[in-house]
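I'd like to ask some things about the structure below.
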């Protein structure tokens, strides 16, 4: 679940990093696309392993956390891929000028 939250938190961190003098918006979006996608994939893989581990136990403790981790990871992955698509479209528009 931690990696899912971190993958979603990459968006506000990228937007805040644009306030720095050395970082402009395309670089921040590129960083968010990479970080959000990778952290989202890690969250999905870890949640899958946690669900397998929970299914082997009798008490089913942690099943809800594994579900939340999976959904947060999917959301973070979608945000990262959306940022990558927007950056690609921006690059295409700059190339077409």
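Report whether or not residue 29 is farther than 25 Å from residue 85 by Cα, in contact with a helix residue (DSSP H, G or I) (Cβ under 9 Å, 6 or more places away or on another chain) and either touching a residue at least 40 places away in the same chain (Cβ under 8 Å) or not in a helix (DSSP H, G or I) (or both).
Working: farther than 25 Å from residue 85 by Cα: no; in contact with a helix residue (DSSP H, G or I) (Cβ under 9 Å, 6 or more places away or on another chain): yes; either touching a residue at least 40 places away in the same chain (Cβ under 8 Å) or not in a helix (DSSP H, G or I) (or both): yes.
No, not satisfied.
If residue 3 satisfies every condition in (1) assigned to a helix (DSSP H, G or I); (2) without any contact (Cβ under 8 Å) to a residue 12 or more places away in the chain but one, which is the exception?
Residue 3 satisfies all of (1) assigned to a helix (DSSP H, G or I); (2) without any contact (Cβ under 8 Å) to a residue 12 or more places away in the chain except (2).
Can you tell me how many residues in region 41-85 are over 17 Å from residue 3 (Cβ atoms), out of contact with any helix residue (DSSP H, G or I) (no Cβ under 6 Å at 6 or more places or on another chain) and surrounded by 14 or more Cβ atoms within 10 Å (Cβ to Cβ)?
So the answer is 1.
A quick yes/no check of all residues on (1) within 13 Å of residue 78 (Cα to Cα); (2) not in a helix (DSSP H, G or I):
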site: 21; (1), (2): no, yes
site: 35; (1), (2): yes, no
site: 38; (1), (2): yes, no
site: 43; (1), (2): yes, no
site: 50; (1), (2): no, no
site: 53; (1), (2): no, no
site: 58; (1), (2): no, yes
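Computed from the coordinates by the stated procedures, all read-outs in this text should not be read as laboratory data. Please read all numbers here as calculations on a predicted model, not as lab measurements. Here Cβ is always computed from backbone atoms with ideal geometry, including for glycine, and neighbour counts include all displayed protein chains.
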